[in-house]
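Written below as structure tokens is the structure these notes are about.
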Amino acid sequence: MLKFAANLTMLYTDVPFLERFGRARVSGFDAVEFLFPYSDGLDAVTTVAREAAVTIALFNLPAGDWEHGERGIAILPDRRAEFRAGVAEAIRYATALGVQRLNCLAGRRPDDLPEVEAWAVLRDNVRYAADELAKAHLTLMLEPINPYDIPGFFLNRTSEVIDLIREVGRSNIQIQYDIYHLQRTQGEIIGTFRTLREHIGHIQIADNPGRHQPGTGELNYKRIFSALDEAGYTGYIGLEYIPQGRTEDSLEWWRLYQNGQFAG
């Protein structure tokens with residue numbers, strides 16, 4: 001059976017971040033993921049994760065000024081030092097928290113930054129991050145994100161990530177396969193997954209339109225889950241969706257899936 005991780009940035013948002021670990025455990029999750037742990041501090045995150053007895057599947061490298069719209073700094077020529085300091089900080093957190101995968105958000109390309117220069121900076125930064133993560137036996141994830149939710153985001157399609165992986169030439173880089181984002185940009189969710197299976201290290205889900213829980217939109221998640229299972233996918237699937245109503249109520253699809261009754 002597939003393994004699911006509650007995304008604590010998107011779910012249980014009626015309580016502060018540190019209280020969401022326990023809520024996820026009460027819901028039945030033994031794994032969680034989230035965007036960033038840094039503002040709450042390593043000691044606090046370590047404590048609540050241990051008390052809730054949950055595995056942390058993944059979080060992101062520091063991604064700049066999130067509150068003011070930055071969505072990664074890996075393509076920005078004048079932020080190389082900040083990016084590299086963020087890699088070190090993420091590794092420190094991941095090592096202490098037992099996290100095996102860290103996601104790198106490329107960021108939005110400013111209008112005055114030529115695409116070829118942004119690509120060169122991204123390639124160098126990704127190579128640096130992969131090498132540093134390899135020393136700690138960690139895997140670097142790269143995520144294509146749709147340009148409708150995040151206009152100007154530099155990586156939109158899996159083909160771009162594959163090109164980057166090949167240019168960087170490091171074995172500890174994988175794709176973060178976010179089904180919601182990829183449905184909006186390229187579709188062919190099952191076929192693309194089968195083609196790129198060896199490169200995919202983590203999956204995230206939400207339905208489309210609306211980015212709500214499975215069963216609320218156009219995606220046939222029953223078929224998608226069957227395809228992932230049949231392909232032998234053993235990684236986590238992060239629930240990175242906006243719940244309709246209370247988070248616990250939005251998990252009815254998951255309870256049905258566990259009982260073999262999910263029809264979505």
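The values are calculated or read from the model by the stated rules, or taken from the named source; none is laboratory data. Being a predicted model, the structure only gives us computed values, none of them experimental. Please note: Cβ atoms are built from the backbone with ideal geometry, for glycine as well, and neighbour counts cover all protein chains shown. To get the accessible areas, we keep the full protein, side chains included, count just its heavy atoms, and leave off ligands, DNA and RNA. Shrake-Rupley method; radii C 1.70, N 1.55, O 1.52, S 1.80 Å.
Tabulated data for the structure shown
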item	result
Selection within the stretch 186-209 - under 21 Å from residue 10 (Cα atoms), open to solvent by 10 Å² or more (accessible area, probe 1.4 Å) and within 18 Å of the chain's Cα centre (by Cα)	208
Matching residues, the stretch 94-113, being over 16 Å from residue 77 (Cα atoms) and open to solvent by 50 Å² or more (accessible area, probe 1.4 Å)	95, 96, 100, 101
Cross-chain or 6+ apart pairs with Cβ under 9 Å, the stretch 174-185 first and closer than 24 Å to residue 134 by Cβ and open to solvent by 10 Å² or more (accessible area, probe 1.4 Å), then assigned to a strand (DSSP E or B) and of a type in the set (Ser, Thr, Tyr)	174/139
Residues being open to solvent by 10 Å² or more (accessible area, probe 1.4 Å), of a type outside the set (A, V, I, L, M, F, W, C) and in contact (Cβ under 8 Å) with a residue 40 or more places away in the chain - total across the stretch 1-26	5
Candidate set from the stretch 114-125 (those that are under 20 Å from the mean Cα position of the chain (by Cα) and farther than 30 Å from residue 43 by Cβ); member that is least open to solvent (accessible area, probe 1.4 Å)	122
Residues that are open to solvent by 30 Å² or more (accessible area, probe 1.4 Å), touching a residue at least 40 places away in the same chain (Cβ under 8 Å) and within 18 Å of the chain's Cα centre (by Cα), drawn from the stretch 47-88	55, 64, 71
Within the stretch 50-106, considering residues that are aromatic (Phe, Trp, Tyr) and either in contact with a Gly (Cβ under 9 Å, 6 or more places away or on another chain) or part of a helix (DSSP H, G or I) (or both), the one nearest to residue 236 (Cα to Cα)	93
Of all residues making up the stretch 116-147, the number that are among the hydroxyl-bearing types (Ser, Thr, Tyr) and out of contact with any helix residue (DSSP H, G or I) (no Cβ under 8 Å at 6 or more places or on another chain)	0
Enumeration of residues in the stretch 42-60 that are among the hydroxyl-bearing types (Ser, Thr, Tyr) and in contact with a strand residue (DSSP E or B) (Cβ under 9 Å, 6 or more places away or on another chain)	55
Residues satisfying the stated conditions in the stretch 27-46, i.e. farther than 17 Å from residue 238 by Cα and open to solvent by 50 Å² or more (accessible area, probe 1.4 Å)	39, 40, 43
Criterion violated by residue 251 - all others in (1) within 26 Å of residue 21 (Cα to Cα); (2) hydrophobic (A, V, I, L, M, F, W, C); (3) touching a strand residue (DSSP E or B) at 6+ places or on another chain (Cβ under 6 Å) satisfied	(3)
Subset of the stretch 136-173 (residues that are touching a residue at least 24 places away in the same chain (Cβ under 8 Å) and either part of a strand (DSSP E or B) or charged (D, E, K, R) (or both))	139, 140, 141, 142, 143, 149, 153, 157, 167, 170, 173
Any hit, the stretch 208-215, residues being of a type in the set (D, E, K, R), closer than 21 Å to residue 60 by Cα and part of a helix (DSSP H, G or I)	no
The stretch 218-245, subset surrounded by fewer than 18 Cβ atoms within 10 Å (Cβ to Cβ) and touching a Phe, Trp or Tyr at 6+ places or on another chain (Cβ under 9 Å), residue farthest from residue 101 (Cα to Cα)	222
